[in-house]
Amino acid sequence: MDLVEISVLCSASSPESGLAEAGRTADDVAVDVAVEHLDVAEVHHTTLRNHGAEPLCLDRVVVSYDHHASEVLEHGWQSWSTVRRTRPDDPRPERRDAPRWFRAEMHADEALAGVVVSADTLLVTDRGVLGALGATRNLVTFVVQPDGQVEAHQLLDGLVVEPGGAVDLEDLFCGEGDPGVLYDRYAELAGAHNDARVDQPGVVGWCSWYHYFADIDAQVIGANLALAADRGCALVQIDDGWQPEIGTWDRTKPGFGGTLDELGQAIAAEGLDAGLWTAPFCAIEGGQLATEHPEWLIRDSDGRPRKALFHQGWGGWVFALDTTNAEVLEHLRSLYHRLRLAGFRYHKIDFCFAAAIPGQRARSGEQTRAQAIRLGLEAIRDGIGEEAFLLGCGAPLLSAVGIVDAMRVSEDVAPYWAPRLFFPGYPESTVAVRNAVEQSALRAPLHRRWFLNDPDCLLLRPTETELTEAERLDLARCVLGTGAYLMFSDDLATYGEREWRLVEQLRTHRRDADSPLHLVDPFATPLVVDGLAMSLQVDWETPAATLREHRGHEVLAAEDGVHPA
């Protein structure tokens, strides 16, 4: 793939600068690109050197390619970011009206939202695939101009390069040809490049969130623990609602009815793994952590704590921890070691993008946002140890490869199919079963190449839901067909014979379904996801999903009595 042009843009003054605010083009920089030829693609290794007499504060390096696409896969940087098939001339200008904090949550470069079509980390087009092989040095965004020409933006976040200094950027995979084949090859190479953890066994467990949400206590956990153990689940994961506030993770909330140690022991006594939800890089405004350690927070250009997100259920604005601060890293190591000692082997860490939002950090100019979140994730892994299971959520996907065992690859499910409330231009980035199905299918090739894909929880309950029986069965097929990460999230007491029969069928087929996956044609409708033993065909708009073993037998067929149509 030919390089047309390379530009180096200096940051105006602040690592928060976006493309629209970028300063002058650097004249004293040499950019060397070494091309490695592979079987079906090239890898471009890029080194930047400052030949001038003054330090350079760098915003980005932009590489233009002779690659013109007519169809593209918009791919967001973190678990819930939009993943959709679209055209280069459809940037959804209404996205500019969304709040800045939300745009920064959805895109690695929020300044591009609604301006151009962009894809973070990975760009699949009708002509091929481009992708960063890593996201531990810097983040990468691919920009598709309205005419279809593709650019790679290596985001450097105000990184300072001294005179005579050099910096290696992330390697880029560039391939033209069958996008389905190239998607697999790219995922394999990026996984190997980052020593992906893909050997853990699959998951069969129960999560408290989607029936009880934050209204949980030890009694709720205990009631479902007994049923989960009786029906062959291996894991019980306590979700959001156990903690006193966001940022305080060393004790349960008043009135919960049990300490962390007691909860871990109770789950282990039933022979199950104990799991716990946390949001490690978040601190609620006015909370204990933000009040006692304001120096631990990412700041804006005026020195105020940077707002990472607004969460009404948590009580308002949420700040982000600065993971380039050595004290923050030690806090994370110590905290997660304590949680591991309490008996929690399975850890779901959520809203992880917060560690990578733009802002001022203790080591701004020395480390990029990609390096910042990597440091935070490494500290958590150090705390829980190598044998514990780590599930990322709301996390920049590639930055976590090699540290997490599994990753949420979709929006949240909900007890209804189609999206409802969302910011303008972001219908895919809100809770809904349809969104979870779409993103999980389009990210299927990452399964067992980067991590275990988590398509979010199964909702099978026949009551307190707006999902029809057919929609619940479609969700079950899609979860099984995109890697079989089986987490049930209902009040298990609502399950009758039909639901338990479906649970047993899912468990029976799990091992055959859990294999590396292939998108036959990423732009086809319906979409086909092929595994080693079975094939999923899904159209999330209709909705309709079928799952077949390669020898022809339909899996989870309604006529088999698994579930009524």
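Coordinate-derived values only; no laboratory data. Model, not experiment: these values are computed from the prediction. In this analysis, Cβ positions are derived from the backbone assuming ideal geometry, glycine residues included, and neighbour counts consider all displayed protein chains.
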Projected onto the charge dipole of region 412-473 (unit charges on the beta-carbon of Lys, Arg, Asp and Glu, signs +1, +1, -1, -1), the Cα from Ala441, Gly425, Leu460 with the largest positive-side position is that of Ala441
Angstrom value of the Kirkwood radius, inverse mean 1/r, which spans all Cα pairs in region 409-565: 15.5 Å
With label points set 7 Å from each Cα along the Cα-to-Cβ direction at Trp500 and Arg251, the distance between them in nm comes to 4.0 nm
Please give the length that would be gained between His311 and Ala226 if that part of the chain were fully extended, namely 0.36 nm times their separation in residues minus their C-alpha to C-alpha distance (nm, one decimal). 27.4 nm
For Val409, which sequence-distant residues (separation of 5 or more, or a different chain) have an amide H within less than 5 Å of its own amide H, given hydrogens modelled in the peptide plane? Asp454, Asp456
Taking r as the C-beta separation of His550 and Val115 and R0 as 45 Å, the FRET efficiency to the nearest 0.05 is 0.55
Would you give the gap between the C-alpha center of region 521-551 and the C-alpha center of region 414-466, rounded to a whole Å? 16 Å
Would you list Asp456, Asp350, Asp157 from fewest to most Cβ contacts within 10 Å? Asp350, Asp157, Asp456
Ranked by Cβ crowding within 10 angstrom, fewest neighbours first, how are His553, His68, His37 ordered? His37, His553, His68
Out of region 382-458, which trypsin sites (Lys or Arg not before Pro) are coil in DSSP terms and have no more than 10 other C-beta atoms within 10 Å? Arg420
Could you calculate the contour length gain from Glu188 to Gln219, that is, 0.36 nm times the residue separation minus the distance between their Cα atoms, to one decimal place in nm? 6.8 nm
Pairs of alpha-carbon atoms within less than 8 angstrom and 6+ residues apart define the contacts here; what relative contact order does the chain have, in percent? 14 percent
For region 164-190 and region 328-407, compute the distance between their C-alpha centroids and round to whole Å. 24 Å
Karplus-derived HN-Hα couplings along region 285-297 (A = 6.51, B = -1.76, C = 1.60, θ = phi - 60°), whole Hz, x at Gly and Pro: 4, x, x, 4, 5, 5, 6, 7, 9, x, 6, 8, 9
Sort 359-370, 380-391 for me by packing, meaning the mean count of neighbouring Cβ atoms within 10 Å per residue, highest on top. 359-370, 380-391
Using a Förster distance of 35 Å, how high is the FRET efficiency between Thr86 and Glu466, based on the Cβ-Cβ distance and rounded to 0.05? 0.80
Could you list Thr141, Thr468, Thr46, Thr430 in order of exposure, starting from the residue whose Cβ has the fewest other Cβ atoms within 10 Å? Thr468, Thr430, Thr46, Thr141
Quick one: helix 469-481 against the long Cα principal axis of the chain, what's the angle to the nearest 10°, folded into 0 to 90? 60 degrees
Which FRET efficiency, nearest 0.05, do Gln288 and Leu38 yield, Cβ-Cβ r, R0 60 Å? 0.70
Which value in nm describes the separation of the simple spin-label points at Val520 and Asp147, placed 7 Å from the Cα toward the beta carbon? 3.6 nm
Treat each spin label as a single point 7 Å out from the Cα along the C-beta direction, and report the Ala493 to Leu3 distance in nm. 6.4 nm
Convex hull of the chain built on C-alpha atoms - directionally averaged projected area, nm²: 23.6 nm²
Once amide H atoms are placed 1.01 Å from N in the peptide plane, what residues at a sequence separation of 5 or more from Gly128, or on another chain, have their amide H within under 5 Å of its amide H? Gly177
Quick note, region 307-373: a/c under 1.5 would make it rounded; otherwise a/b > b/c is prolate and the rest oblate (a ≥ b ≥ c, C-alpha gyration tensor); here it is oblate
Rounded if a/c under 1.5, otherwise prolate or oblate - region 3-193, Cα gyration tensor axes: oblate
